[in-house]
Amino acid sequence: MQFYVLPRLTVSLPTASCNPSGWDLPESAFLADPRFYEPGPVDIIIGAEYYLDLLRSEKHKATENGPTLQDTEFGWVVSGTVPERLPVEHSSPEITLVCSTFDLQEQLTKFWDLETCRSVSTQSLEESSCEEFFNHTTVRDENGRFIVTLPKKENVIACLGHSEAIAIRRMIGME
């Protein structure tokens, strides 16, 4: 088997404590998780391609309507519905090794945040405007050359007055 070591696999399971004192547990049963009735971290998730190979033939019902104990290569595991009433804030009275209540949306968001190399823009408003102007006004001609429109600050141009005529006169005088 190939294993990945991760800091956290899922939320603690079960999602709430339960009391197994009235359950019919086999006396000789070596439990894979002796404290299965208390919320705790999940140590390993086994893929379906291996899971069935780890099961042994013995099964046992802990209560008539309650969880089932299954003998495995790791010891007995407990899964299924818990007959006791849980506090209102826990809507899912199940103990399981296969299903998780981990917030999938949160995990997908974290995954895509890691996968996309987003960099926070450090551009000023003026720099962002220049980049936007460039993207909207720059094209390539048939030879692959860039045709660039130079940006103009209208408020600065207005302050120049009639300097164009003066510049033309000076150029004519230079000839």
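The values are calculated or read from the model by the stated rules, or taken from the named source; none is laboratory data. Everything numeric in this text was worked out from a predicted model, so none of it was measured. Methodologically, a virtual Cβ is constructed for each residue, glycine included, from the backbone with ideal geometry; neighbour enumeration extends over all protein chains shown. Surface areas here come from the heavy atoms of the whole protein model, side chains and all, with no ligands, DNA or RNA. Shrake-Rupley method; radii C 1.70, N 1.55, O 1.52, S 1.80 Å.
Simple spin-label estimate for C130 and E106 gives 4.3 nm between the two label positions (7 Å along the Cα-to-Cβ direction from each Cα).
Loop-located trypsin sites (Lys or Arg not before Pro) across region 1-60 with a Cβ neighbour count of 13 or fewer within 10 Å are R8, R35, with loop assigned by DSSP.
Got a sec to turn the phi values of region 16-33 into Karplus ³J(HN,Hα) couplings, 6.51 cos²θ - 1.76 cosθ + 1.60 with θ = phi - 60°, whole Hz, x for Gly and Pro? For region 16-33, the Karplus curve yields 8, 5, 9, 10, x, 4, x, 7, 8, 9, x, 5, 8, 6, 8, 7, 4, 10 Hz. When the residues T10, T137 are ordered by accessible surface, computed with a 1.4 Å probe over the protein chains alone, the sequence from largest down reads T137, T10.
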